[in-house]
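Below is one structure; the comments refer to it alone.
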Amino acid sequence: MNRGPVRALIAVLVSLFLTLILLRATGAPPYESLAVIFDGAFGNPGRIADTLMAWAPLVLAAAGLVVTFAAGLWNIGVEGQVTAGAIAASWVARELPGPAYVLIPAMLLAGIAGGALWGLLAGWLKVKGNVNEIFGGLGLGFVALSFATFLVIGPWKREGVASTSGTDPFRPEAWLPTVGDTRLAPVAVLLAIAGIAAVAYSIRGTRFGLRLRAVGSNPASARLLGVPPQATLVRAFMVGGGMAGLAGAVIASGIQHKLVPAIAGGRGYLAILVVLLASFRAAWVAPVAVFFAAISTGAAQLQLQLDLDSSLGGVIQGILVLVFLLTGGLLTRWQSRKAAASG
Amino acid sequence: MSLLLQEISKRFGALQANDRIDLELKPGSLHAVLGENGAGKSTLMKILSGFIAPDSGTISVDGVGVRTGSPSASLQAGIGMLHQEPLVCLPFTVAENFRLGSDLGRTEARARLGELCERTGFDLDPDEVTRTLSIGRRQQLEILRLLDRGVKVLILDEPTSGISAAQRDALFSALRGLAADGLIMLFVSHKLEEINSLCTSVTVMRRGQVVGRGGLPAPEDELVRMMFGEMTATLPQRSGMVGKANVASLRGVDAGVGRGSITGADMDVREGEVVGIAGLEGSGQDSLLRVLTGLVPARHGRVEIGGADLTRSSNRRFSEAGVSFLPAGRLEEGLLPGLDLTEHMVLAGSVKGQIIDWHKASEHAGAVIRHFRIKGRPESPVESLSGGNQQRVLLSMLPDRLRLLLMEHPTRGLDLESAAYVWELLLARRKEGTGIVFASSDFDELLAYADRIIVCYDGRIVADLDREDTDAEQIGGLIGGRGAA
Amino acid sequence: MGRTLATLVAAATPLIYAAVGEAITERSGIVNLSLDGSILLSAMSGFAIAYTTGSVAAGFVGAAVVAALVALLVAWSGISLKLNQIAVGFVLTLLCASLSSYLGTDFVRVPGPSVQPLPIPVLSEIPVIGQAFFGQNLSVYGALILTVVAAWFLARARRGLELRAVGERPEAAHARGIPVSRYRYLAAAVGGALVGVAGAAFSLDQKLGWSDGHTTGYGWIALAIVIFGGWQPLRVAFGCFLFGALQIVALRLQPVFPGLAQVLPTLPFPLMIISLVIVNAPGLRRLAAANPKWGRLLLPDPPAALGRNFTPE
């Protein structure tokens, strides 16, 4: 009955096979390429630090998505919620005086608030305006992106020149402290672990999570059991958006140290792939995200060492998730055919 | 031009929906297919029209075998079906729906539509948008379309629910005209008065089998007896628990739209009273129950719960006032597929607080499972339970103190032991003064447990009977549309 | 004036191909969400093929085939595997975008062939509109013709009616003997091929050549315009022109208000949200129901079965 492991194994083998074919067909050394990616992700402490710093915001955004998926929502607007969080955190970094221990918590909280506000908008559009969350969220995502661009080249432009390369760097108090000479900011990693643990726990262990799952399962029944579907959906959007916003704050304060136009950089979208591959389960998000972060980070070495484009990482990620989805569909079809034939 | 069905059988899981059904009809037949909900008549009609493939059996038109399981093959063989909810595209115009699926050009289609309107006496504007048509007119459109495709056998699935009296008259006169032209008409209904006035012969189905055939008109009580089987109800002792005060009352309430709506409803439920609602499917019971829960708003009139006016209130206010509702679709409207029993009971309030103590919740669920004799474990997903056990779960989740409990088919699909146990639980609630209202199509159940029986027919309450003064014959007549006694 | 109009029409061309193609696909009930990726992949493939073979036509054909295959994958996973079309489409968006970057590295910023201008004699001399509609090239004419043909097909043709029925109420189509799945596959293939043509229209005409992320964002904009245009080709094309106008305004304003110019191109998204809110507003819905003929024109419904996989009983 339990075909989860079978499915995962098939998906990994098939996508590995497809990737090797692709590499061979494009004239790249197949095994060496994969080795370079692995080495690029884990080869020395600096690279491990980079992988972890890619992992943290990815896990936070995916944690937010686990919340909205539990309520049955396709929150494709997560990219915008990450951006909104980054904008809010940048605003605090620019405006708030004071030492790091005041500034950094304020930035993180602002990030949560910004993401939650953006989530609230999508939820409000869905509940009050009957706007499908996919298109509402997508639209809001681009609005956030253009707002960031506007800030970077408009009101927050660098002294003298307006450039899309970003604002002036934040003052050092707004930077997440790092370890040694690596780029690893332990706060980011701890926040990600805390975030995904909190989500995993709330989905299973709290009334809030139970109510989300009730609405995701069947809104009509949920209503009869005293769970108001609309208010619950909006709450899911706010919490999910808040987690994504926190990811945005971590990117601004721990990675970029300034606001750049595309500050989310597709991490929200990538988080959707992570959650799809984790089959919407919080417990699997962290390990799946390690894999994704490793490929994203390691792929950067392809360019330097093999003169291959780093987008190969995205190709591998995409193939794996696609094959995983299709394998699930094929196994279901195969099983129902078998059931029909024997029944 | 004749229709022959031989040995048609179909099984859905454990349910034998059709059991070796034979049927032979001659040209010009106006034949009624009669049976209560779940008797298997819809399945048979869907097999005939190609929507469902039978497990075994054959269909032939004019001696030529029809390939089963394909709507287009059935249509080509001359079998067409008018669905209860006509299968038309709502944003299309009448003319577009008419020619959809045919080779007709646009001008050709309009001409054909005009001719057919003349022939049948229907009046349809080809440019009207289908969404704005009433159900009755959408049916007319579908009938004309099927006639244009040259059907020889026309299946009508409960065509008179949700249409006006004038439209019904127009429909009947058109059908008589078509029968005179030699078409075979299969009329699925449970409105006895109608089939007696329209049809010339009848097949009665019960639990997937043909239980009677004959000519029409026939005495209605005889038809009801065939539909429901022999009445065996013996009246238990009256409980004498009915109090004085009203827990709920309706005054002149209109609610719901289209099929299944209710108009001008007046009713009272007293403390500790059990009120049964009788009526054929879609006679207004659905709206009556839902207006008492606040799920469907009353357009007119007044709804009172425990003396307070809740006419415009939300479902939430009704539940705060002590009203609970157990709908017929247990998995669709009452339970949460994917969640287990413990989780259901936590939502219903078994343990308090934001952080759930699963150990305690699971223990509590275990106790409830034992108390309600549910066959399942705390960690069983609710969809894995049988119907009877799902109903017990729903009952177990009711609040302790209730003013009014509303139920739809409380024992449908349950085995006898489960049904008796469900009623034991329900009747025990009356000690606290809870009023119970339930809709049922089972006369035995109505007569055995209700203090009072309200009969719905065609969206109105047509009778309010004391159980002592009525019997199955009278109720059978009333639900079939024979005026109030 | 005439020249601005001509620029506008030309600029809208690729979007028209993509949005009208997607409108056709969605009318059948299939959502091909992969547009942003498939336009990139087909823009890259179209350019690469044209560059290698020297034939612009081959580039267009190749691009169409690539995007049609992607669309068929979405259709297959919905129709045969009963998977969520949104999920598969979304994964394909990202996968195709990455593939375009990875496979296109050799073609970045190399000069290549392009569609040659082909003004129509006499007609292109008409003042104001002549240049815009008759002084262009085959790619632009194709988009204009496509719009008209698609509008006619969906509104008037028998097959178009059947296609709409499949996306509106597959049960009703099935009952009439219309092959639901076959229509859906066809609509996905045709719509997908047009998305591919859109990609080629970028890389071989409007935004010559190839670079990483060459057309990023246009796919989402096309998806938004399909909704804004109410799934009707003429209105969808109008939406594309409107977007073209926004781009031109943004370009002109660049020196004056640099911030504003960056923001304008995202205007279709708030517009899409607003039009979705309006389309779903209960008051307007009632008004449209009271005047169905006008209502149908002003407040078009999404295909009722959009994204819903159909299983005959």
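Quick notes on this structure:
- Taking a straight line from the alpha carbon of residue B:244, these lysines sit under 25 Å away, with near neighbours fewer than eight places off in the same chain left out: B:431.
- Computed helical MRE - 222 nm, chain B, DSSP H runs ≥ 4 contributing -39500 (n - 2.57), nearest 500: -9000 deg cm²/dmol
- For the pair residue B:417 and residue B:106 in one chain, pulling the backbone fully straight at 0.36 nm per residue adds 105.9 nm over the alpha carbon distance.
- Distance from the range B:39-84 to the range B:350-426 (C-alpha centre basis), Å: 41
- Computed FRET value (nearest 0.05) for residue B:299 with residue B:444, which takes r as the C-beta separation and R₀ as 30 Å: 0.30
- Each of residue C:3 and residue B:149 was given a label point 7 Å from its Cα along the Cα-to-Cβ line. The distance between the two points is 6.0 nm.
- Efficiency of FRET between residue A:330 and residue C:155 - r from beta-carbon atoms, R0 35 angstrom, step 0.05: 0.35
- Under DSSP loop assignment and at most 12 Cβ neighbours within 10 Å, longest trypsin sites (Lys or Arg not before Pro)-free interval of chain C: C:157-313
- Size of electric dipole in the protein assembly as shown: Cβ of Lys, Arg +1 and of Asp, Glu -1, about Cα centre, debye, nearest 20: 1460
- Whether the range B:372-485 is rounded, prolate or oblate, judged on the alpha carbon gyration tensor where a/c under 1.5 counts as rounded: prolate
- Amide N of the range A:306-339 lying under 16 Å from the label point, which is placed 7 angstrom from the Cα of residue A:17 along Cα→Cβ: A:319-328, A:330-331
- Whole-Å distance, taken between Cα centres, linking the range C:74-94 and the range A:173-228: 28
- Spatial separation of Cα centroids for the range B:113-180 and the range A:244-262, in angstrom: 64
- Separation in nanometres of the label points that stand 7 Å from Cα toward Cβ, at residue B:331 and residue C:55: 5.6
- Dipole of the protein assembly as shown, positive end: most advanced residue of C:86, B:449, B:174 [Cβ charges, Cα centre]: C:86
- Distance between the pseudo-spin-label points of residue A:128 and residue B:128 (7 Å out from Cα toward the beta carbon): 3.8 nm.
- Antiparallel DSSP beta bridges within the protein assembly as shown, as percent of all bridges there, nearest 5: 55
- Charge dipole (debye, nearest 20) of the range C:90-206; +1 at Cβ of Lys and Arg, -1 at Cβ of Asp and Glu: 520
- For B:422, C:61, the sequence from fewest to most other C-beta atoms within 10 Å is C:61, B:422.
- Rounded FRET efficiency, nearest 0.05, which uses the C-beta distance separating residue C:249 from residue A:204 and R0 of 45 Å: 0.30
- Cα-based shape type of the range A:7-81, given that a ≥ b ≥ c are square roots of the gyration tensor eigenvalues and the cut on a/c is 1.5: oblate
- Within straight-line reach of residue A:258, meaning a Cα separation under 19 Å, sit the following aspartates and glutamates at least 8 residues removed in sequence or on another chain: A:50, A:79, A:95, A:159, A:168, A:173.
- Cα gyration tensor category, rounded, prolate or oblate, for the range C:76-232 with a/c compared to 1.5: oblate
- Size of electric dipole in chain B: Cβ of Lys, Arg +1 and of Asp, Glu -1, about Cα centre, debye, nearest 20: 740
- Above 22 Å, the calculated P(r) of the range C:1-110 contains 39 percent of its Cα-Cα pairs.
- Here's the picture: charge each Lys and Arg Cβ at +1 and each Asp and Glu Cβ at -1 in the protein assembly as shown, and of B:141, A:34, C:112 the one pushed furthest to the positive end of that dipole is C:112.
Computed from the coordinates by the stated procedures, all read-outs in this text should not be read as laboratory data. Everything quoted here is computed from the prediction, not taken from an experiment. Here the Cβ is made from the backbone with ideal geometry for all residues, glycine too, and neighbour counts use every protein chain on show.
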